[in-house]
Number of protein chains: 2
Amino acid sequence: MKVYYAIDIGGTNIRIATFPVDGIQPLHLKKISTFGKTSVINRLSQLIMDQKRDDEDVIAIGIDAPGPVDSKNGIIFSCPNIREWVNLPLKNLMEKQFSVPIALGNDANMAALGEWYFGAGKGFHDLVYITISTGIGGGVILDDQLLLGSKGLAGELGHFTVVPDGPLCSCGQLGHLEALASGPAIAKYVAAQISAGRASVLSNASLPSAKDIGIAAHAGDELARESIQRAGKYIGRAIADYLHVYNPSIVILGGGVTQSGEILLEPIRVAVEKYVMSPVYLEDLLITTAQLGDNAGLLGVLSLARKNFPDR
Amino acid sequence: MKVYYAIDIGGTNIRIATFPVDGIQPLHLKKISTFGKTSVINRLSQLIMDQKRDDEDVIAIGIDAPGPVDSKNGIIFSCPNIREWVNLPLKNLMEKQFSVPIALGNDANMAALGEWYFGAGKGFHDLVYITISTGIGGGVILDDQLLLGSKGLAGELGHFTVVPDGPLCSCGQLGHLEALASGPAIAKYVAAQISAGRASVLSNASLPSAKDIGIAAHAGDELARESIQRAGKYIGRAIADYLHVYNPSIVILGGGVTQSGEILLEPIRVAVEKYVMSPVYLEDLLITTAQLGDNAGLLGVLSLARKNFPDR
């Protein structure tokens, strides 16, 4: 039978799934650690080889990776966590090795595609997806087209100045949304407030995780609650600007930090309404959470592979 | 012969041009004041009627207007200066009256199209156009498609928070790029500095025009120079964020304020380099000025009309 492979490369794990020509139920799914005794590229190759079944014929492989990816030319410019991957022509390398077409995309772009085809964004034509997790990434679909830009680097929604000369971002710039509202940014704010003498159930943890903060917030801890609301306000203000820039009809919020639920979403909605330039942008606008969780990326690369290399 | 009409509605003048099926030399061109004894809509209708020649057959009419325009449905949500135009279904009205298809667009979007088809952006696939004038507007083309978004309101590049809680913008929000770097914003800064006691050749003018400031800057006036450089720095920082959001291969700067030339452009380039998250965005990126001047909008609506309603 004919199949597609979808591969999600993360900083901790690499996942591979075999999908039929139609449908989104994987036939086989495997996960390995990204790092081990051999190089990441060798581990990836081995994973693909191990996935092969004699009765399956692979039409194409879709792969996503974090960080800036030139999806048009199939090059990974750099990859957080995988330091040796700089200007890596992954598409060419894999196509040579496996003689199968490869579709490559940035992980947040692919999650946006996944949510659009199969999740919260189904049926919408103009979609902004923002993932709020260790970093903040995004993907944008306008008029049913994934925005790529010249090198496939469009939609870097975490790297947008929200507070000029604000806290240091992972990219080296100051005051980006990611530096103010990602999981680590929320944790740093909590830690700084505790150092400054504020009371919190989190005061025993040296640097609490975003998950711990979410739990504490739901349990009524005031500092935890405020730290998430503060992130929500920044995210909402950034979304207001994204409305002016992209004019979507749906904004989908994914990533671990959104598990804080309404504590995060309510200040986001309030800030969007406060900072939007005209109510016209809010008519028929839906702001909602992602539906596919960790599978959004896998389903996104599956869609990309099917679209770029249809079964004929 | 078959022709297209292109109409540019501005706050001061309305211009109409008759174009042949191919080529960008207008056959006839007429300009009237936007306001007069009759309503703007009646003046527009009369202008179209007056343009008609017996030997010409109009295939379609392209129209642009400032302010938020729903180009998909042909509605002008609102129009700075023309206060009675609120949710005006201009496309329907004109199509009924003239039995000719109408293509409608926002003026900055149309100027972007014009520069892309016929000006500085010719041959590029991923273009950001920013016009810096009384207001700041924009238009974006990615993968050879004009970005519209859900209601055709994408690319409002002047309405993007650059200084949180900064100066009041024309839209009612605070600290938008338009409120910091448009012609009036530059003039206000100069006036405030003069009030605070700074010396300048402009100190006799109560509120100097952006043009006067440009002239004074070229003549060596330090305050005038600094006020333009300050605007350039804000524009450059915004462009850096736009690179992350759109990843263009060309940024085209139009509008009257760009006539300050290198005094504005140099700080823009410096700020873009300083604030971009990765040099990858700068590879093969061109930052340049518009080529079509006031005709960009007319040529843009011409392109839109030809594209939407080709001569068959």
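Built from the Cα atoms of the stretch A:86-139, the convex hull projects on average onto 5.3 nm², one quarter of its surface area. Using alpha carbon centroids, what distance separates the stretch B:74-96 and the stretch A:245-312, in Å? Centre-to-centre distance over Cα atoms comes out at 31 Å. Structural descriptor for chain B: relative contact order 19 percent, calculated from alpha carbon pairs under 8 angstrom and at least 6 residues apart.
Inter-copy label distances at residue A:49, shortest first and taken from points set 7 Å along Cα to Cβ: 8.1 nm. Here's how it looks for residue A:162: its modeled amide H is under 5 Å from those of A:176, A:177, which are all 5 or more places away or on a different chain. Spin-label model, residue A:84 to residue A:125: label points 7 Å out along the Cα-to-beta-carbon direction sit 4.8 nm apart. Between copies, residue A:93 shows label-point distances of 6.1 nm, shortest first, with the point placed 7 angstrom from Cα along Cα to C-beta. Along chain A, the longest continuous region that contains none of the GluC sites (Glu not before Pro) in a DSSP loop with at most 11 other C-beta atoms within 10 Å is A:85-282. Qualifying trypsin sites (Lys or Arg not before Pro) in the stretch B:159-256, where qualification requires a DSSP coil assignment and no more than 15 other C-beta atoms within 10 Å, comprise B:198. List the trypsin sites (Lys or Arg not before Pro) within the stretch A:94-180 that DSSP assigns to loop and that have no more than 16 neighbouring Cβ atoms inside 10 Å. Sparse-neighbourhood loop trypsin sites (Lys or Arg not before Pro): A:122.
Treat the stretch B:28-88 as a sphere of radius equal to its Kirkwood radius over Cα pairs and apply Stokes-Einstein at 10 °C in a medium of 1.306 mPa s; give the translational diffusion coefficient in µm²/s, rounded to a whole number. Before the final figure, lay out the partial values.
Values: Rh = 13.2 Å.
The diffusion coefficient I find is 120 µm²/s.
As a rough footprinting exposure proxy, the listed residues A:209, A:99, A:182 were ranked by other beta carbons within 10 Å of their own, and the order from fewest upward is A:99, A:209, A:182. Across identical copies of the chain, residue A:125 has label-point separations of 2.4 nm, listed in ascending order, with the point defined 7 angstrom from Cα along Cα→Cβ. Computed from Cα atoms alone, the Kirkwood hydrodynamic radius reported for the protein assembly as shown is 26.0 Å.
Compactness of the stretch A:190-229 is given as radius of gyration and Dmax, 8.6, 23 Å, from Cα positions. The DSSP beta bridges internal to chain A are antiparallel in roughly 55% of cases. For chain B, the 222 nm mean residue ellipticity estimated from helices alone, with every DSSP H stretch of n ≥ 4 adding -39500 (n - 2.57) and the total spread over all residues, rounds to -11500 deg cm²/dmol. Toward the positive end of the charge dipole of the stretch B:122-182, with +1 on the Cβ of Lys and Arg and -1 on the Cβ of Asp and Glu, the farthest Cα among B:155, B:132, B:145 is that of B:132.
The trypsin sites (Lys or Arg not before Pro) found in the stretch A:7-72 that occupy coil by DSSP, while having at most 13 further C-beta atoms within 10 Å, are A:37, A:52, A:53. Less than 5 angstrom separates the built amide H of residue A:287 from those of A:251, all sequence-distant by 5 or more or on a different chain.
P(r) for chain A, from all Cα pairs and a bin width of 10 Å, is 6, 27, 32, 23, 10, 2, 0 %, short bins first.
Please grab the % of Cα pairs in the stretch A:120-289 that end up more than 22 Å from each other.
42
Set the bar at 32 Å for Cα to Cα. Now go through A:151/B:151; B:122/B:274; A:91/B:233; A:31/A:122; A:2/B:151 and name every pair that lies beyond it. Over 32 Å Cα-Cα: A:91/B:233; A:2/B:151. For the stretch A:96-195, the equivalent ellipsoid derived from the alpha-carbon gyration tensor has semi-axes of 30, 16, 14 Å in decreasing order.
Per residue, the convex hull spanned by the Cα atoms of the stretch A:135-190 measures out at 88 cubic angstrom.
Read-outs throughout are calculated quantities, based only on the coordinates presented, and are distinct from any laboratory measurement. The structure displayed is predicted, hence computed values, not measured ones. Counting neighbours? That spans all protein chains shown, and the Cβs are built from the backbone with ideal geometry, glycine included.
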